[in-house]
Amino acid sequence: MKNIITKLFSLLIILIVVGCSNDDQKEISGTFEFSEIGIHNFKINASNIKATITIVGAGGGGGGGVGFNAGNSSTGGGGGGGAGEVKLLIDIDLQENVNYTVNIGEGGNGGNVNGNGLDGQLSEISLEQITLFMAIHGNGGKSNTINENVGGTGGIGFPQGSAGGNGELLDVNWNGIAGTGGIGGDNFSTFGIGGNGGIGTEVNNLVPTSAQPGIKGGNGYVKIEWSGIK
């Protein structure tokens with residue numbers, strides 16, 4: 001009888017310890033978001049980590065509108081910059097208590113009048129200087145040579161930017177409408193959008209107005225939504 005009681009008591013202790021151990025392990029979760037350009041870090045104090053990661057490359061700048069130089073017509077608009085790539089990564093394994101590095105790319109500057117927009121920068125997540133995940137940038141839109149009616153081409157991207165509109169030959173009253181700036185590529189993420197191109201030179205009674213520079217592309221973005229055991 002004494003042995004039976006002892007065994008039952010031991011079994012009860014084991015069940016209590018196992019129950020306490022199970023209660024101590026709980027699922028936790030969190031989110032990291034990074035939208036400021038430059039280097040950031042994050043670390044997760046948990047095990048069995050699964051993550052959903054959104055990463056967006058930066059957009060290219062719009063091309064500058066075409067300037068006027070004693071020509072006889074209006075000029076073309078600059079092409080729009082390409083949008084940055086958007087990646088959605090699901091069910092990603094992350095390591096416990098390691099220092100991940102996030103680099104948020106900067107959008108490319110818009111081109112000055114007659115100048116091309118600059119490419120954006122990629123966004124990436126790395127560990128110990130090894131790139132794990134990356135989203136590619138969008139390219140800058142193009143302008144055109146001075147006194148050209150033709151608009152610049154859109155920058156390659158995700159999607160690419162639109163071409164700038166063409167300018168018009170002057171009418172009998174010496175008027176001509178400038179080419180419109182191309183629309184920057186829109187990746188529908190609100191980040192990494194391509195910059196719009198600048199409008200070209202309009203002419204009114206043979207008097208030209210100033211062409212406009214291109215618009216800067218949107219910066220990149222990273223979001224990490226994770227869950228794990230603690």
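Structural remarks
- The stretch 71-217, accessible surface, carbon-and-sulfur percent (1.4 angstrom probe): 53 percent
- With viscosity 0.890 mPa s and temperature 25 °C, the Kirkwood radius over alpha carbon pairs of the stretch 100-143 converts through Stokes-Einstein to a diffusion coefficient of 214 µm²/s.
- Relative packing of peptides 187-197, 124-134, 102-112 - highest average C-beta neighbours within 10 Å first: 187-197, 102-112, 124-134
- Restricting the calculation to Cα atoms, the stretch 94-221 yields a radius of gyration followed by a Dmax of 19.0, 74 Å.
- Entry for Cα extents along the principal axes in Å (calculated from the structure that is shown) out of (1) 58, 43, 32; (2) 118, 28, 19; (3) 54, 44, 34: (2)
- log10 of Debye I(q)/I(0), alpha-carbon scatterers only, for the stretch 66-133 at 0.11, 0.14, 0.17 Å⁻¹: -0.49, -0.63, -0.77
- Choice from Val86, Val98, Val113 with maximal GNM fluctuation in the chain (Cα, 10 Å cutoff): Val98
- Mean accessible surface per residue for the chain, computed with a 1.4 Å probe while every protein chain stays in place, in Å²: 53 Å²
- 15 Å beta-carbon shell around Val203, net charge (K/R +1, D/E -1): -4
- In the chain, the longest principal axis of the Cα atoms and the axis of helix 2-24 are about 10 degrees apart.
The values are calculated or read from the model by the stated rules, or taken from the named source; none is laboratory data. In this text, all values refer to a predicted model and were calculated from it rather than measured experimentally. In this analysis, Cβ positions are derived from the backbone assuming ideal geometry, glycine residues included, and neighbour counts consider all displayed protein chains. Ligands, DNA and RNA are stripped out before the accessible areas are found, and what is left, the full protein with its side chains, is counted by its heavy atoms. Shrake-Rupley method; radii C 1.70, N 1.55, O 1.52, S 1.80 Å.
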